[in-house]
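The values are calculated or read from the model by the stated rules, or taken from the named source; none is laboratory data. Just so you know, these numbers come straight off a predicted model, no measurement behind them. Glycine gets a Cβ as well: all are built from the backbone with ideal geometry, and neighbour counts include every protein chain shown.
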2 protein chains.
Amino acid sequence: MDVRTLCLGLLTRSEASGYEIKKAFQSGLSHFYDASFGSIYPALSRLTEEGLVTCKEEPQDKRPDKKVYRITPAGRLAFIDALGRPPGHDRIRSDFLATILFADLLSPRQIAGLIDGRLTETRSLLAELREQAKEETRAAGDRFVIAYGIAVLEAEVTFLEERRHVIEGAALLGRAPGSAAAD
Amino acid sequence: MDVRTLCLGLLTRSEASGYEIKKAFQSGLSHFYDASFGSIYPALSRLTEEGLVTCKEEPQDKRPDKKVYRITPAGRLAFIDALGRPPGHDRIRSDFLATILFADLLSPRQIAGLIDGRLTETRSLLAELREQAKEETRAAGDRFVIAYGIAVLEAEVTFLEERRHVIEGAALLGRAPGSAAAD
DNA sequence: CGCATTCTATATTGGCTCGATATATGACGA
DNA sequence: TCGTCATATATCGAGCCAATATAGAATGCG
């Protein structure tokens, strides 16, 4: 599922400009999928070429033209076809976990700071998702995905709160007084 | 934290060839970070150019030469410096959730199949991580990250088991008998 | 009032990364 | 013998992100 397909999916719900699609990614999808202008605009151009969406230019007063994209029947079919294919594996890239992996090279203070920052960030995202969960205008899929995100983030917070002492302590053990670093 | 930096990190633990680094990514890191040959080999070349690792070619009988990389003191410093910088946000790309988002375009049967597949996959990954958790040779960081992964995956399984009926039922409501699709 | 920031809106570029593919050989089982 | 898997390196096209450019309006702040 590339950005192109996902744009098509968002357009099954309502017409939108590239800018609005980017906003849709940021509010509510960004916790499990994101996309940048650098992929959205070319995607919309290609979808237009392929006849899966149409583009209506709305000249605005004192603003750049707004290009409003609308899905075509062919586009709707193509998207439903894409949904039917088995989804690929999740791809996760977590700088936080990659850093924690090398906790033995960090000071306990650094590790504590890292985890504090992560907890703050995660709780903030959690609060945001809980707000979104209240919005009753959301589609059923949206609400399920939001609830999924909340469940996962809650597990992360609980894990960090309960287990952080394990990794914070480990950093001390790896640096017994007087011991030289390997190599 | 790019692949280049992560390769450097793995080399702080032991010397390795590109192939072995790829294996390290696949066993134990792949659930939160992955890398392909297409990024590992160029990364190692660049690290060598920059003097952060050295490369020793081991000509093998009847095999391609094995290029064994070893980190330099400068490389170790550069990596520890990189660890000190605040980590970027997690980037997640989940085809599964992207598909679920549009559950109202799928049949209940499709949704059930999707969730069954996801549960099977997640339980399998969970079993793998639980095996890895038993390995006592792992570094403290490894064990923490594995435990983190287990906590998250358990939450996902629980959520899907308890809430799948919500989304499976929603697909029916969106398709009341005789109702025409919007548009 | 002036200045900076933010928002709307589109677009491009460099560089990173993935997935597929190519090459070469050994081992193992059917 | 034939296919497949493992070892081992490497490249290429395509996809994608972060940064940047452009440009006017609105908003905030002192």
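A few notes on this one:
- Unique match (being within 30 Å of A:ALA151 (Cα to Cα), surrounded by 21 or more Cβ atoms within 10 Å (Cβ to Cβ) and away from DNA strand D (no atom under 15 Å from the Cβ)) among B:LEU106, B:LEU8, B:LEU97, B:LEU52: B:LEU106
- Some residue of the stretch A:127-142 being at the interface with chain B (Cβ under 7 Å from one of its Cβ atoms), without any contact (Cβ under 8 Å) to a residue 40 or more places away in the chain and closer than 29 Å to B:PHE102 by Cβ: yes
- Taken together, B:ALA24, B:ALA43 contain a single residue that is among the hydrophobic types (A, V, I, L, M, F, W, C), within 15 Å of B:ASP142 (Cβ to Cβ) and outside any loop (DSSP other than H, G, I, E, B), which is B:ALA24.
- Screening A:THR137 against (1) over 27 Å from A:THR5 (Cα atoms); (2) more than 16 Å from DNA strand D (Cβ to nearest atom) leaves a single unmet condition, (1).
- Residue within the stretch A:36-43 that is in contact with a Gly (Cβ under 8 Å, 6 or more places away or on another chain) and under 22 Å from B:ILE100 (Cβ atoms) present: yes
- Inside the stretch B:84-94, residues that are away from DNA strand D (no atom under 16 Å from the Cβ) and either in a loop (DSSP other than H, G, I, E, B) or at pLDDT 95 or above (or both) make up a count of 0.
- When residues of the stretch A:111-128 are limited to those that are in contact with a Leu (Cβ under 8 Å, 6 or more places away or on another chain) and surrounded by fewer than 21 Cβ atoms within 10 Å (Cβ to Cβ), the one farthest from B:PHE79 (Cα to Cα): A:LEU126
- Filter result for B:THR72 (more than 16 Å from DNA strand C (Cβ to nearest atom) and either free of Cβ contacts under 8 Å to residues at least 24 places away in the same chain or surrounded by 21 or more Cβ atoms within 10 Å (Cβ to Cβ) (or both)): yes
- Being within 11 Å of chain B (Cβ to nearest Cβ), part of a helix (DSSP H, G or I), at pLDDT below 95 and surrounded by 11 or more Cβ atoms within 10 Å (Cβ to Cβ) is not true of A:GLU156.
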